[in-house]
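The values are calculated or read from the model by the stated rules, or taken from the named source; none is laboratory data. The structure displayed is predicted, hence computed values, not measured ones. Cβ: placed from backbone, ideal geometry, glycine included. Neighbour counts: every protein chain shown. Please note that ligands, DNA and RNA were not included when accessible areas were found on the heavy atoms of the full protein model with its side chains. Shrake-Rupley method; radii C 1.70, N 1.55, O 1.52, S 1.80 Å.
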Amino acid sequence: MTPLPPRQFPDLDSPQFAVNSYSTPHNSIYDDVDHVSVVGAAAVGLWEGKFSDESDEKLLEYMAERDVATSTAVPRVHSILGIPFDRPGTPKDPAARTELICRSIERLAKFGPAVIAVAPGTSGDPAAPAGPVEAVVENLATIAEVAAANGVLIGLELLAERRGSPLHTIPAMVEVIDAVGSPQIGIMLDVFHSWPEPDLLERIKTYGSYVNSVQVCDVRVNERSGHDRELPGRGRATAQPIIAALIEAGYNSYWEMEVFSDDGTYFNDFPDSYWKMPHLDFIRETKREFERVYGAALADLRAKGVVVG
């Protein structure tokens, strides 16, 4: 079953840049909204873990006043099988985690996100991936029902094999989505997680209709942890060909910044961490690099006659 299409922005010359609030650990959610507005980005990816005790309506009003939309909404607990940096006290049982995810979907739907992010899970060890996959399929069906009831789409995040994900290729994700059989679920593709996949660019073109959300960054040549990413076009410079393949496949929704750069927040204090920058400068520099890489990808496609719009 082909997933429902995400929010569309057909003007290829105006890519809709968004900022995932996971990328700005020292900002409040209100800081994120302000910074998105100041740099002229289109949307913010809301992480429920940053929500304060104030009402959701206050945040909605704050965003509306600044004309900031919601690209992705991320539940406080967003993985079915768990992740290595779960907060203490987070349940391990997939069904219990799914119940929390569903409660979050009901809450986050009011923000009108293009997608709500859900992940299968990772172990942190590629030799012993998280599992079982059957639990992902079973619980994803429940999540899809709640998403449909609340009028939202689910971006199922494709996570890396090297991070211990049991579902780390586009065909594997498609197989799970087809098994669930709900049009609410598509693939969230992340440059960091997917760049090593064999035949990635051709697979994007083949299965492009399944991709409903994209997170952009780049990959360091010598990756020191899962929270050690580069700005688009730097390091291995994998972002440009991936962006080009997505454009060619017809993707035209949000391009969401997700650049992790640990400064000790997640156990490693890297001296060259981008998170040590003032976050407004960090976002502005990432947006500039994304627009440069995106522009080059689009120009190359037009030069080849692949894209003319």
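Look at (1) within 15 Å of the chain's Cα centre (by Cα); (2) under 23 Å from ARG103 (Cα atoms); (3) surrounded by fewer than 21 Cβ atoms within 10 Å (Cβ to Cβ) and you find that MET188 fails only one, number (3). Each residue in segment 245-275 was checked for being modelled with pLDDT of 95 or more and on the phi > 0 side of the Ramachandran plot, and 2 of them qualify.
Considering LEU201, LEU153, the condition of being in contact (Cβ under 8 Å) with a residue 24 or more places away in the chain, in contact with a Pro (Cβ under 7 Å, 6 or more places away or on another chain), closer than 25 Å to PHE9 by Cα and open to solvent by 60 Å² or more (accessible area, probe 1.4 Å) is satisfied by LEU201 alone.
Restricting attention to segment 243-281, the residues that are under 22 Å from HIS227 (Cα atoms) and either among the hydrophobic types (A, V, I, L, M, F, W, C) or in a helix (DSSP H, G or I) (or both) total 14. If the condition is being within 18 Å of the chain's Cα centre (by Cα) and either closer than 14 Å to MET173 by Cα or surrounded by fewer than 21 Cβ atoms within 10 Å (Cβ to Cβ) (or both), then segment 118-135 contributes VAL118, ALA119, PRO120, GLY121. Scanning segment 85-107 for residues that are farther than 28 Å from ALA41 by Cβ and either in contact (Cβ under 8 Å) with a residue 60 or more places away in the chain or among the aromatic types (Phe, Trp, Tyr) (or both) gives no hits.
Candidates GLU138, GLU157, GLU106, GLU145: the one that is in contact with a Cys (Cβ under 9 Å, 6 or more places away or on another chain) and among the charged types (D, E, K, R) is GLU145.
Could you tell me which residue of segment 33-50 is surrounded by the fewest Cβ atoms within 10 Å (Cβ to Cβ), considering only residues that are under 16 Å from the mean Cα position of the chain (by Cα) and closer than 23 Å to ILE101 by Cβ? By that ranking, first place goes to GLY49.
Do the conditions hold for ASP53, that is, is it in contact with a strand residue (DSSP E or B) (Cβ under 9 Å, 6 or more places away or on another chain), of a type in the set (D, E, K, R) and either surrounded by 22 or more Cβ atoms within 10 Å (Cβ to Cβ) or at pLDDT below 95 (or both)? The answer is no for ASP53. Residues in segment 136-147 that are more than 19 Å from HIS168 (Cα to Cα), of a type in the set (A, V, I, L, M, F, W, C) and surrounded by fewer than 20 Cβ atoms within 10 Å (Cβ to Cβ): ALA141 only. Any residue that is of a type in the set (Gly, Ala, Ser) and within 26 Å of TRP255 (Cα to Cα) - is there at least one of those in segment 95-105? Looking through segment 95-105, at least one residue is of a type in the set (Gly, Ala, Ser) and within 26 Å of TRP255 (Cα to Cα).
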